[in-house]
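This report refers to the structure that appears directly beneath it.
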Amino acid sequence: MNDKIWLSSPHMGDNELKYVTEAFKTNWIAPLGPHVDGFENDLAAYTGSKYAAALSSGTSAIHLALIMLGVKAGDEVICQSMTFSASANPISYVGATPVFVDSEKETWNMCPDLLREAITDRIAKGNKPKAIIPVHLYGMPAQMDKIMAIANEFEIPVIEDAAEALGSSINGKAMGTFGLMGILSFNGNKIITTSGGGALISDQEEYIKQARFLATQARDKAHHYEHSVIGYNYRMSNVSAGIGRGQMEVLQERVDKRRSNFEFYKKELTVFEGLSVLEEPQGYFSNRWLSTIHVDPAKTKGVNKKSLYNILLEDNIESRPLWKPMHMQPVFATSPFYGNGVSEELFRNGLCLPSGSNLSDEDLERVIKGISRVF
Ligand SMILES: *Cc1c(COP(=O)(O)O)cnc(C)c1O
């Protein structure tokens with residue numbers, strides 16, 4: 001059996017261990033410390049956001065953002081349907097209802113036309129949405145100019161889920177910095193990892209200060225422990241942040257490598273009739289977190305997502321269907337949905353290919369060889 005090729009596995013650089021060792025030597029083994037401060041500064045500098053709060057996960061960042069916007073039971077929040085469940089779960093944590101919006105074909109992200117339709121319809125039904133959560137899937141930026149214009153017109157705050165898009169931008173502006181707040185993830189499979197972690201970024205200092213306060217059990221200023229609001233244990237540890245600092249030093253290399261994976265797949269796979277990739281619209285820059293391939297079974301003489309998945313699995317290669325849309329998930333069966341068929345079609349015919357920045361040329365050749373065999 002050949003070695004396993006993973007979809008997206010952690011890829012450490014040279015200095016992560018040095019920073020972790022430093023945390024041990026100085027006994028900063030806590031959810032605060034110099035690496036946490038340093039990592040926050042690195043994130044703000046890299047994204048161009050004024051402020052950043054390092055947290056225990058991307059999910060907790062969304063949760064805190066919703067809390068700070070005052071979202072509560074009975075409220076509605078608009079969320080992209082095609083995404084990982086972590087975009088939507090925090091809406092339920094605060095007792096609100098997600099309202100799902102389908103994708104468009106240019107970026108596979110939230111369709112601006114359907115967003116407008118959803119907002120006007122929810123307002124007509126007497127429940128104006130309290131927030132909008134667009135996602136930059138696989139690193140491809142959503143159409144933020146249009147989404148922000150609509151959000152501003154209706155005065156609804158945007159929480160940008162940039163968990164998959166650190167390193168992506170539109171005309172040089174980093175994803176996560178278009179909305180009122182943005183969230184990042186450093187989970188094990190993301191473009192950089194702290195083994196588990198996330199961040200909230202914003203140009204509004206008040207949100208970042210409040211996020212740090214809520215994330216450390218909401219302790220009021222007093223000698224004893226005094227609490228006037230409910231708190232959370234959501235801060236990032238100084239050990240994890242040490243990993244993060246090392247990872248930030250190699251982030252640009254990781255983006256370059258993932259983009260080169262994508263270019264390789266594009267060159268080698270689009271020669272097959274019926275296979276296509278998602279191109280970047282003008283001015284859009286994707287970190288190509290995951291390389292994806294779209295299959296048109298009408299043109300491939302029967303080859304479909306499943307047959308590609310199976311042939312790769314035979315050679316111990318991990319691939320995965322595109323995210324199953326949230327409106328198709330049993331847990332969200334009763335949530336409102338504004339659809340156009342795009343995300344369902346993508347789920348039916350799309351596949352994520354091995355995309356790690358640690359893949360060798362040989363690994364990539366094995367993927368191509370596998371796929372070539374079905375054609
Ligand atoms: C990974 C991910 C998250 C959640 O991040 P965690 O750090 O794993 O909690 C949220 N949204 C999307 C789109 C993601 O891919």
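The values are calculated or read from the model by the stated rules, or taken from the named source; none is laboratory data. This one's a predicted model, so the numbers in the text were calculated from it and none came from an experiment. We place every Cβ from the backbone using ideal geometry, glycine too, and count neighbours over all the protein chains shown. What goes into the accessible areas is simple: the full protein's heavy atoms, side chains included, and nothing from ligands, DNA or RNA. Shrake-Rupley method; radii C 1.70, N 1.55, O 1.52, S 1.80 Å.
Computing FRET efficiency as 1/(1 + (r/R0)^6) for Glu345 and His223, where r is the C-beta to C-beta distance and R0 is 56 Å, gives about 0.40.
Using the Cβ-Cβ distance between Gln204 and Lys267 with R0 set to 45 Å, the FRET efficiency works out to roughly 0.55. Here the label points at Lys173 and Glu249, each 7 Å from Cα along the C-beta direction, are separated by 3.3 nm in the simple model.
Suppose the chain between Val331 and Ser85 were pulled fully straight at 0.36 nm per residue; how much longer would it get relative to their current alpha carbon spacing? Spell out each step's value before the answer.
On the way: separation 246, 0.36 × 246 = 88.56 nm, distance 0.99 nm.
Contour length minus the Cα-Cα distance gives 87.6 nm.
The stretch 165-182 and the stretch 37-71 have Cα centres separated by 13 Å.
Shown in residue order for the stretch 325-336 are the 3J(HN,Hα) couplings computed by the Karplus curve 6.51 cos²θ - 1.76 cosθ + 1.60 at θ = phi - 60°: x, 5, 5, 9, 7, x, 5, 10, 4, 9, 6, x Hz (x for Gly and Pro). Between Asp121 and Asp361, the simple spin-label model (points 7 angstrom out along Cα→Cβ) gives 5.2 nm.
Comparing Met68, Met110, Met140 in a Gaussian network model of the chain (Cα springs below 10 Å), the most mobile by mean-square fluctuation is Met68. FRET efficiency for the Val374 to Asp113 pair, using the beta carbon distance and R₀ = 45 Å, is estimated at 0.80.
Going down the list Lys209/Lys257; Lys301/Lys324; Lys128/Lys209; Lys72/Lys221, which pairs span over 32 Å between their C-alpha atoms?
On the way: Lys209/Lys257 35 Å; Lys301/Lys324 25 Å; Lys128/Lys209 27 Å; Lys72/Lys221 26 Å.
Checking Cα-Cα distances, Lys209/Lys257 exceed 32 Å.
Contact order for the chain, expressed relative to its length and based on alpha carbon pairs under 8 Å spaced 6+ residues apart, stands at 24 percent. Give the aspartates and glutamates whose C-alpha is closer than 14 Å to that of Lys299, dropping any in the same chain fewer than 8 places away, or say none. By straight Cα distance, Lys299 reaches Glu273.
Overall, the stretch 251-374 carries a charge dipole of about 260 debye about its Cα centre when +1 sits on the Cβ of Lys and Arg and -1 on the Cβ of Asp and Glu, all other atoms neutral. Straight Cα distances below 12 angstrom link Lys4 to the aspartates and glutamates Glu314, Asp315, Glu318, Asp363, with same-chain residues fewer than 8 positions distant left out. Applying 0.36 nm per residue to the separation of Leu313 and Thr21 and subtracting their alpha-carbon distance, the gain on full extension is 101.3 nm. Dipole magnitude for the stretch 16-248: about 520 debye, using +1 per Lys or Arg Cβ and -1 per Asp or Glu Cβ, origin at the Cα centre. Near Val99, the amide H atoms lying under 5 Å from its own belong to Val77, Ile78, Cys79; only residues 5 or more places off or on other chains count, and H is placed 1.01 Å from N. Taking the 1.4 Å solvent-accessible surface of the chain as the whole, the part contributed by carbon and sulfur is 51%.
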